[in-house]
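Peer 1: Sharing a structure, written as structure tokens. Questions coming.
Quick note: the coordinates plus some simple rules give every number you see, no bench work behind them. Note that the structure is predicted; figures quoted are calculated from it, not measured. Every residue, glycine as well, gets a Cβ built from its backbone with ideal geometry; the counts of neighbours run over all protein chains shown.
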Amino acid sequence: MPKITPWLWFDMNAQEAAEYYITVFPNSRILKVTHYPEGAPVPAGTVLAVEFELDGTLFAGLNGGPQFQFSEAVSFSIDCADQDEVDHYWNALTGGGGEESQCGWLKDRFGVSWQVVPRRLDELMSDPDVGVVERVSEALMKMRKIKVPVLEEAARG
């Protein structure tokens, strides 16, 4: 099967973003940095692209300039084991200028959209009791950062 690598278009801060992300996610590292050559539309030696790994997933960042911006049309979902992980990723990715949205969604300071989702949400939303699913959904719609204890309380009714 072919390897698929998401490429993220940055406005000349791809290396800064990669360096930030590897501090947020465990088992992460920068793999390669390439630079613009002479004759490019930016000064020679400026970072062109950064390949990095976030907890085993390969990403690449391109310093393409301001022509394209990130939007919520594409997001990265973080599967969190528990509330502590939700809190860690939420706080790290909203810190320094990130923006909270609804239902576990946020934009980091670079404009990249993330979904910070506890596994417990999927378990509760898969409950065979339709009432549980409805109450959990209603509670979820009122949240920014997902709070597992609130979801569990809603599930109990």
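Peer 1: Determine, for the chain, the count of lysine pairs separated by eight or more sequence positions (or lying on different chains) whose alpha-carbon distance falls under 22 Å.
Peer 2: Pairs that pass both the separation and distance tests number 4.
Peer 1: Can you give the Kirkwood hydrodynamic radius of region 7-63 from its Cα pairs, in Å with one decimal?
Peer 2: 11.4 Å
Peer 1: Here is a follow-up. Provide the gained length on full extension for the span Val42 to Asp87, in nm with one decimal, where the gain is 0.36 nm per separating residue minus the Cα-Cα distance.
Peer 2: 12.3 nm
Peer 1: Restricting to Cα pairs below 8 Å that are 6+ residues apart, what does the relative contact order work out to for region 7-63? Please round to a whole percent.
Peer 2: Across region 7-63, relative contact order equals 44 percent.
Peer 1: Out of all DSSP beta bridges in region 21-157, what portion is antiparallel? Express it as a percent rounded to 5.
Peer 2: In region 21-157, approximately 75 percent of DSSP beta bridges are antiparallel ones.
Peer 1: I'd like the distance between the alpha-carbon centres of region 110-140 and region 1-63, rounded to an integer number of Å.
Peer 2: 32 Å
Peer 1: Could you list the residues of region 91-105 with an amide nitrogen less than 17 Å from a label point located 7 Å from the Cα of Ser75 in the Cα-to-C-beta direction?
Peer 2: Backbone N within reach: 91-95, 98-105.
Peer 1: How high is the relative contact order of region 7-134, in percent, counting Cα pairs under 8 Å that sit 6 or more residues apart?
Peer 2: Here the relative contact order equals 21 percent.
Peer 1: Here's another thing I want to ask about it. Can you tell me the FRET efficiency between Asp55 and Trp7 if r is taken as the Cβ-Cβ distance and R0 is 22 Å, rounded to the nearest 0.05? Before the final figure, lay out each step's value.
Peer 2: Values: r = 18 Å, r/R0 = 0.83.
Computed FRET efficiency for Asp55 and Trp7 comes out at 0.75.
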